[in-house]
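Only one structure is covered here, and it is reproduced in the block below.
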Amino acid sequence: MKVHELECFLAVVDHGSITRAASALYLAQPSVSQIIRRLEAELSIELFRRVGRGLVLTPAGEALVGPARQVVRDLQHAREVADEYRGLERGRVDLAISASLTSNFLAAWVGHFRRKHPGLTVRLTQHHGDTEDIIALIRSGEAELAYTVTPVSRQGIECVHVGDGEVVLALPPGWRTEFPEPVPIAMLDGLPMIIDRGFGRSYLQSIRDASGVEPAVVVDVSESAGLVPLIIAGAGAAFLPMRQALDARRRGANLRTIDPLTFRPIYAIMPSSPLSAPARKFLELSKENLDRWRRAVARRTEQGSSLLEAAVEADNVIEAAYQRLEEGPPEPADRARAGRVHARR
């Protein structure tokens, strides 16, 4: 059995057909078919059954997927170690994100990651199941690193607290302008709310249990990604993590912090075995990103800004920094021109 045979097998699994796998691998379709037949002959098992125009895994094929991914990943890790010593970067990081987390912060991380490591690629899966489904993705090798709001304690799985995000109240344009900043939690009683079935629902329950406050749930959505359009359309208010709330603000929503202030934790889940170099770099960047955000906001609140003002300023500064990273250093003439402008000021 050769590694490239396992890579062809996994390409067929991931793409659902030999034709699409051949295109992804830049091979001729007959070559991929021959490799699969040779692998089946070597193992003396049938890996796929043809159903209509597609292929489905046999039970033996399903059992091979996890070990095959681990073999390919181990080889990739060995190549990455060698590449790092030669000053090269290439490879892929396989990520999963729980639907209970907004994709806004992850989009920022992926963008920063690709700017900083242009030789690396990202494969992202957003999962709509519960924590056990996320763990299954890690155990099967389909994802090497996952992010969720729920801590995990399982054998063979490591869980790391990456950081926390502030939770704020997002109001439709023109709604409840009389609300103070911050808004006492008691004022949420009877407020028409849009609730997602992840963090929003659990936070609403904690409010009921702790203070007896009962917002009126008028829209119930499956995931947090659908909240912002509904807020802007005037369907109701919603609890949002700060980074997603800033996106809603740019689209016209009014924001208020909540008294007492609430934080939503973010956890990274991974196998106990060492991460590949791309996954390790992505995890480091996610921690760095959240820590930079925390420091930027804290610095501005210490200077007298409110939390919301500090968050808006920090978001603008960090986005500008990412933009500079993407554009690269200025040309010498640009640097000289910038120096003259600064001197005149």
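Every condition in (1) open to solvent by less than 40 Å² (accessible area, probe 1.4 Å); (2) touching a helix residue (DSSP H, G or I) at 6+ places or on another chain (Cβ under 7 Å) is met by residue 29 except one, and the failing one is (1).
Taking only the stretch 201-236 into account, find how many residues are among the β-branched types (Val, Ile, Thr) and within 13 Å of residue 185 (Cα to Cα). Number satisfying all stated conditions: 2. For the stretch 43-52, filtered to residues that are modelled with pLDDT of 90 or more and not hydrophobic (A, V, I, L, M, F, W, C), the residue that is surrounded by the most Cβ atoms within 10 Å (Cβ to Cβ) is 46. The set of residues in the stretch 238-285 that are touching a helix residue (DSSP H, G or I) at 6+ places or on another chain (Cβ under 8 Å) and of a type in the set (Asp, Glu) comprises 247, 259.
Among the residues of the stretch 208-221, is there at least one that is in contact (Cβ under 8 Å) with a residue 12 or more places away in the chain, open to solvent by less than 30 Å² (accessible area, probe 1.4 Å) and part of a helix (DSSP H, G or I)? Among the residues of the stretch 208-221, not one is in contact (Cβ under 8 Å) with a residue 12 or more places away in the chain, open to solvent by less than 30 Å² (accessible area, probe 1.4 Å) and part of a helix (DSSP H, G or I), which makes the answer no.
Would you be able to tell me the number of residues in the stretch 294-319 that are in a helix (DSSP H, G or I), open to solvent by 90 Å² or more (accessible area, probe 1.4 Å) and of a type outside the set (Asp, Glu)? Give the steps one after another, and end with the answer.
Residues of the stretch 294-319 that are in a helix (DSSP H, G or I), as a first pass: 294-302, 307-319.
The next check asks that each one be open to solvent by 90 Å² or more (accessible area, probe 1.4 Å); those that pass are 294-295, 299, 302, 309, 316, 319.
Still in the running and of a type outside the set (Asp, Glu): 294-295, 299, 316.
Adding up the residues that qualify gives 4.
Counting just the residues of the stretch 32-70 that are part of a loop (DSSP other than H, G, I, E, B) and of a type in the set (D, E, K, R), which one comes out farthest from the chain's Cα centre (by Cα)? My answer is 46.
Residues in the stretch 69-95 that are of a type in the set (A, V, I, L, M) and at pLDDT below 90 were compared, and the one that is nearest to residue 144 (Cα to Cα) is 93. Within the stretch 151-161, restricting attention to residues that are at pLDDT below 90 and open to solvent by less than 60 Å² (accessible area, probe 1.4 Å), the residue that is nearest to the chain's Cα centre (by Cα) is 152.
The residues of the stretch 96-108 that are modelled with pLDDT under 85 and of a type outside the set (Val, Ile, Thr), listed by number, are 98, 99, 100, 101, 103, 104, 105, 106, 107, 108.
The values are calculated or read from the model by the stated rules, or taken from the named source; none is laboratory data. Since the structure is predicted, the reported quantities are computational estimates derived from the model, not experimental observations. Here the Cβ is made from the backbone with ideal geometry for all residues, glycine too, and neighbour counts use every protein chain on show. Side chains are part of the model used for accessible areas, which takes the heavy atoms of the whole protein and leaves out ligands, DNA and RNA. Shrake-Rupley method; radii C 1.70, N 1.55, O 1.52, S 1.80 Å.
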